[in-house]
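The values are calculated or read from the model by the stated rules, or taken from the named source; none is laboratory data. Quantities reported herein were computed from a predicted structural model and do not represent experimental measurements. Quick reminder, even Gly has a Cβ in these numbers, built from the backbone with ideal geometry, and neighbours come from all protein chains shown.
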Amino acid sequence: MLMFILRRILTMLLTAFCLTFIVFYLTNLPPNLEKLAKTEASARMTDAEVESWIERNGYGQPLIVRYGEWLGVAPGWTNVEANGTLRGRCVDRAEDRENAARFCGLLQGDWGTSTVFRNPVSEIIATRLGLTGILMFWVMVLMVPSALLIGVMAGMREGSRLDRSLSTFSIATTATPEYVSGVFFIVFLASNAGVQIFKGTATSAMDNITFENFFLPVLTIALYGIGYIARMTRASMTEVMTAQYIRTARLKGVSFRNVVLKHALRNALIAPFTVIMLQFPWLLNGVVIVETLFNYKGFGWTLVQAASNNDIELLLACSVVAVFVVLVTQLISDIGYVFLNPRIRIA
Amino acid sequence: MVDVIAEEQKLDLDTYDGPILEIENLSISFFTRLREIPAVMDFSCTVMPGEAMGLVGESGCGKSTVALGVMQDLGKNGRIVGGTIKYRGRDLTHMTSEELRHIRGKEIAMIYQEPMASLNPAMRIGRQLMEVPMIHEGIGANEARKRALEVVTDVRLPDPARILDAFPHQLSGGQQQRIVIAMALMSKPSLLILDEPTTALDVTVEAAVVDLVKDLGKKYGTSMLFISHNLGLVLETCNRLCVMYSGEAVETGSIKSVFDMMQHPYTQALFRSIPLPGADKNAAPLVAIPGNFPLPHERPQGCNFGPRCEYFEAGRCDAGDIPMFDVPQDDRHETRCLRFSEIDWNKPREKSVTTEKTEVGKVVLKMEDLKKYYEVSSGMFGGGNTKVVKANETLSFEAREGETLAIVGESGCGKSTFAKVLMGLETATSGQILLYNQDIQDTPIEHRSTDTVSSVQMVFQNPFDTLNPSMTVGRQIIRALEIFGEGNSDQERRDRMLELLDLVKLPREFGDRMPRQLSGGQKQRVGIARAFAGGAKIVVADEPVSALDVSVQAAVTDLLMEIQRQNQTTLLFISHDLSIVRYLADRVMVMYLGHVVEIGSTDDVFAPPYHPYTEALLSAVPIADTRVKKKRIVLEGDIPSAMNPPPGCPFQTRCRWKSEVPGGLCEKEVPPMVDLSTGHQIKCHLSADVLDQMEPVIEIVGE
């Protein structure tokens, strides 16, 4: 067990390493740096001025070296300005400029400063991730039970009218992208054009969550997942219902209700469990659209802001967080699978 | 009002002494979009209290459909289209699902073919057992658990308390089947339906399970409906028997009258196609039933068996539906044959073609001290300690040209591992395999020359999985020819392919057919053609006929024999079926837990002195002949795990002769190979005196 987790953590680190390097490379392409220089210093710089700004701010070094600096394994750059002040990657960040540390990167806990929000990246990530966490939690609370219920009800009598109608519903919801269903809900349920059941904006939910201001974004994300998980559960359930041990149970005289609840359910949930765990990384995706749409300033919204404003440090931090969320949930999923299914061993 | 009816029914039940099960003119059909497919037609049978009724027939004859019909569980497409099924005088076909629920499990219980599949994998054994009385008798969990413990002890499982807390996958196949039996007996039903209950089990386990079912049937006074394709098993377990063919009962009667005075051509043909003692591949070969089983929607007019029957009379047998006739002077013996009183049933069968015994040639394959060990790791998440599985332990033998060497043993004895090493799918841990004096034990198949590969070929157990479903039969054989480098042009290879189809007696048109259009026996013929494509010198046949029906088995076995005679092929015939081994093998090698425990000519191995394991194995095989008297030797317990073999002799944990060896030698040392006579060796500590006193297991009374 320990070996298994250790191996998985190693894989995780390696994946994170590769991925951040790719993001680092893409965000540090020359045109991006030029844009950065113009936003940071002055929009009306000449090409030569841009060149020297880039040089002075340490962006002129080879990519590998700068990646090392960001990671905290290479010493931060330093140079002496024409007017004699000492500047450097770590010097600029330190409060005590004289005794600044030599290394300041991810490993030292220094995530850098966001150029958009003018705040330390770690602070931004923490608050935004917290907000998204709240959103995700309610999505899961709504999505998982209803999806399983729909899936099990549809799968227990394959081909019945109930199955047909629930399956149609699941296909319809999975086939509708969030930007369509989101807009649809806003127009018909929260504006003057339709029935105005929901009032308030999701922005206000950041301070004070109520059913009225928070249900729509949750529903929009959950609906897509409900269809998907319900389809998986249904497939798994129909397969289990044709298994021989279900026939055994039926011919033991077990009532249909108990055949489903006691015999079929646990076996049918094994496959959807993996799918549900896969939903976490997917949710990180889903929130990008929904948070922007509802102007809920969570992780997805931050990602959009960082990307559109070329906020290199923030973007990098976002990708690191995303990688860890994906890999940690997969680890949990694999371990949980072993306990759910008594026959499985992980080698 | 409801109470009154229930009360009346209860009274009925208490005083009822008629038949337990009475099926009258039952017809069951399955409905597809295209057509109605009749699965069972005009089927009648009666099971009296305490009686065991056998239902015999080949796959597709409708015997399982009858069982599910009794349980009223025919699925969405199946429907009873005529007739009645009465359980203790009450018609099951008109019951509501609620009434049926009370009968299922409580009054009628069922035991299934695949024990692993019929137990819920995610539920502990105890809960699955306790459920039955809790539903039907409304008793509490504690009492139910007590009952479960009792029944698990009754089915002779060791350590019942531990078993109740286990999950199904933690038990062996035999133990699982005992649990399924225990589950059926939890509420003491009056009728037990057994659907091929031992087909998935090894012979010695089968013998123990059959013994158990018989004893429990007596103890609980349960009537039984025993469905099987194995006539020998039915002989051992049942009082009466019903033979089915293509959806109809063709003959029914007491075991004695059907076995000894059969009155239907199909029953006769069936008996002639199974290897009974006395059958011999050269002097008295088996007679396969000609033709194929008709598909349900292609049944002929009149007698279904007509087109394959040697007594067929045109204009009479195919005129119209044939009812069941009573056979005079015999109790409840019926047959569905118009000509049963005209046929001379005692006429010995016409002498079929006999052949000369083939001469065996020089040694082509020699194994010396072959060992194959595997390393496996334990623990839930891998890691843990690695253990060594000794799959093959000091295997030594030789096989000659034109010889049939049978390798016999139960699952887990290492016979398949041996085949893999020989084929080059695995390499040996130590020891030597000499093929035409060439070492091949360390050469995996990728590094073997085309010549070596084509000269050692294999025929697989399951013809349904070994053919590529999306390639024509001819193409697959040609592919094999290409790989073996046979033929110089496509045309030549195509001609050779057609010749191969002739060789395995398939029509040449089959070359353009897809595997799904072929029956099981035909697919196995294609498998044989493919194996012989490169002119194989040694063919390893891994249970080549065990997935096939009895009447087809005979034909496929004969085919193998014939090709062997023509090509002087060495046949290594891996099987657990001792009847067929006795019929076709020249020499037999018996394996147990990776060891060869006995090797010798077929006559030597099948006659005393035996190795104690061979003795038990022989006693376990059901033989469909009323004249045969067998000594019952039931092996207790399961085969020890190869990961943790017992010290000393591998068989000592289950051996009934162990006490005859002084000084506990069996537990200390692996016995040496002892020569008994020329070429007959056993691996046993028993002294020559004791061995000489052994009595034959199988005796034919009246000879």
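Being modelled with pLDDT of 80 or more and outside any helix (DSSP H, G or I) is the filter; apply it to the stretch A:301-347 and report the residue that is surrounded by the most Cβ atoms within 10 Å (Cβ to Cβ).
Per the stated criteria, the residue is A:311.
Among the numbered criteria (1) surrounded by fewer than 18 Cβ atoms within 10 Å (Cβ to Cβ); (2) within 14 Å of another protein chain (Cβ to nearest Cβ); (3) under 17 Å from residue B:247 (Cα atoms), which one does residue B:64 miss?
In the conditions (1) surrounded by fewer than 18 Cβ atoms within 10 Å (Cβ to Cβ); (2) within 14 Å of another protein chain (Cβ to nearest Cβ); (3) under 17 Å from residue B:247 (Cα atoms), residue B:64 misses (1) alone.
Go through (1) surrounded by fewer than 19 Cβ atoms within 10 Å (Cβ to Cβ); (2) assigned to a helix (DSSP H, G or I); (3) more than 13 Å from chain A (Cβ to nearest Cβ); (4) in contact with a strand residue (DSSP E or B) (Cβ under 9 Å, 6 or more places away or on another chain) and name the single condition residue B:146 misses.
Single failed check for residue B:146: (4).
If residue B:602 meets every condition in (1) closer than 23 Å to residue B:283 by Cα; (2) surrounded by fewer than 22 Cβ atoms within 10 Å (Cβ to Cβ); (3) in contact with a His (Cβ under 8 Å, 6 or more places away or on another chain) apart from one, which number is that one?
Of everything listed in (1) closer than 23 Å to residue B:283 by Cα; (2) surrounded by fewer than 22 Cβ atoms within 10 Å (Cβ to Cβ); (3) in contact with a His (Cβ under 8 Å, 6 or more places away or on another chain), residue B:602 misses just condition (3).
Residues of the stretch B:373-413 being basic (Lys, Arg) and modelled with pLDDT of 85 or more, which ones?
B:400
Of everything in the stretch B:195-207, what is touching a residue at least 60 places away in the same chain (Cβ under 8 Å) and either out of contact with any helix residue (DSSP H, G or I) (no Cβ under 7 Å at 6 or more places or on another chain) or among the β-branched types (Val, Ile, Thr) (or both)? Give them in sequence order.
Within the stretch B:195-207, B:196, B:199, B:202, B:203, B:204, B:205 meet the criteria.
Would you confirm whether any residue within the stretch A:120-143 is more than 24 Å from the chain's Cα centre (by Cα) and either modelled with pLDDT under 90 or on the phi < 0 side of the Ramachandran plot (or both)?
no
Which condition number in (1) more than 28 Å from residue A:303 (Cα to Cα); (2) buried (at least 16 other Cβ atoms within 10 Å of the Cβ) is the one that residue A:77 fails?
With (1) more than 28 Å from residue A:303 (Cα to Cα); (2) buried (at least 16 other Cβ atoms within 10 Å of the Cβ) applied to residue A:77, the lone miss is (1).
Of all residues being assigned to a loop (DSSP other than H, G, I, E, B), surrounded by fewer than 19 Cβ atoms within 10 Å (Cβ to Cβ) and at positive phi in the stretch B:73-107, which is nearest to the chain's Cα centre (by Cα)? Just the residue, please.
Taking the candidates together, the pick is B:75.
Of the residues that sit in the stretch A:109-123 and are in contact with a helix residue (DSSP H, G or I) (Cβ under 9 Å, 6 or more places away or on another chain) and part of a helix (DSSP H, G or I), which one is surrounded by the most Cβ atoms within 10 Å (Cβ to Cβ)?
So the residue we want is A:121.
With respect to residue A:298, determine if the residue is in contact with a helix residue (DSSP H, G or I) (Cβ under 6 Å, 6 or more places away or on another chain), buried (at least 24 other Cβ atoms within 10 Å of the Cβ) and closer than 26 Å to residue A:18 by Cα.
yes
Could you tell me whether any residue of the stretch B:130-143 is under 24 Å from residue B:228 (Cβ atoms), at the interface with chain A (Cβ under 10 Å from one of its Cβ atoms) and buried (at least 17 other Cβ atoms within 10 Å of the Cβ)?
no
Check every one of the helices (runs of 4 or more DSSP H) wholly within the stretch A:20-108 and list those with 1 or more residues that are more than 25 Å from residue A:317 (Cβ to Cβ) and of a type in the set (Asp, Glu).
A:47-56
Which of the helices (runs of 4 or more DSSP H) found entirely inside the stretch B:584-703 contain at least 2 residues meeting this: hydroxyl-bearing (Ser, Thr, Tyr) and out of contact with any Cys (no Cβ under 6 Å at 6 or more places or on another chain)?
Here the list reads B:612-620.
Could you please give the count of residues in the stretch A:207-238 that are within 13 Å of chain B (Cβ to nearest Cβ) and farther than 16 Å from residue A:144 by Cβ?
So the count comes out to 1.
Take residue B:162 and tell me if it is away from every other protein chain (no Cβ under 12 Å), surrounded by fewer than 20 Cβ atoms within 10 Å (Cβ to Cβ) and among the basic types (Lys, Arg).
The answer is yes for residue B:162.
Select from the stretch B:149-165 the residues that are modelled with pLDDT under 85 and not in a helix (DSSP H, G or I) and write down the one among them that is farthest from residue B:115 (Cα to Cα).
B:159
Is it true that residue A:126 is surrounded by fewer than 19 Cβ atoms within 10 Å (Cβ to Cβ) and touching a Cys at 6+ places or on another chain (Cβ under 6 Å)?
no
Determine, yes or no, whether residue A:155 is more than 21 Å from the chain's Cα centre (by Cα), part of a helix (DSSP H, G or I) and either in contact (Cβ under 8 Å) with a residue 60 or more places away in the chain or within 30 Å of residue A:261 (Cα to Cα) (or both).
Taking the combined requirement at face value, the residue satisfies it.
Go over the candidates B:106, B:86 one by one and state the one that is touching a strand residue (DSSP E or B) at 6+ places or on another chain (Cβ under 6 Å), among the charged types (D, E, K, R) and in contact (Cβ under 8 Å) with a residue 60 or more places away in the chain.
B:86
For the stretch A:233-245, give me each residue that is crowded, with 22+ Cβ neighbours inside 10 Å and aliphatic (A, V, I, L, M).
Scanning the stretch A:233-245 gives A:237, A:240.
Here's the yes/no breakdown for (1) under 24 Å from the mean Cα position of the chain (by Cα); (2) surrounded by 19 or more Cβ atoms within 10 Å (Cβ to Cβ); (3) not in a helix (DSSP H, G or I):
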| residue | (1), (2), (3) |
| --- | --- |
| B:397 | no, no, yes |
| B:406 | yes, yes, yes |
| B:410 | yes, yes, yes |
| B:422 | no, yes, no |
| B:425 | no, no, yes |
| B:433 | no, yes, yes |
| B:443 | no, no, yes |
| B:454 | no, yes, no |
| B:462 | yes, no, yes |
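With the structure loaded, tell me whether residue A:165 is closer than 16 Å to residue A:227 by Cβ, outside any strand (DSSP E or B), free of Cβ contacts under 8 Å to residues at least 12 places away in the same chain and not charged (D, E, K, R) or whether it fails that test.
Yes, satisfied.
So which residues in the stretch A:251-288 are more than 14 Å from chain B (Cβ to nearest Cβ), surrounded by fewer than 18 Cβ atoms within 10 Å (Cβ to Cβ) and in contact (Cβ under 8 Å) with a residue 60 or more places away in the chain, if there are any at all?
Hits for the stretch A:251-288 are A:274, A:280.
Quickly run through the stretch B:93-116 and pick out the residues that are more than 22 Å from residue B:179 (Cβ to Cβ) and more than 8 Å from chain A (Cβ to nearest Cβ).
Within the stretch B:93-116, B:93, B:94, B:95, B:96, B:97, B:98, B:99, B:100 meet the criteria.
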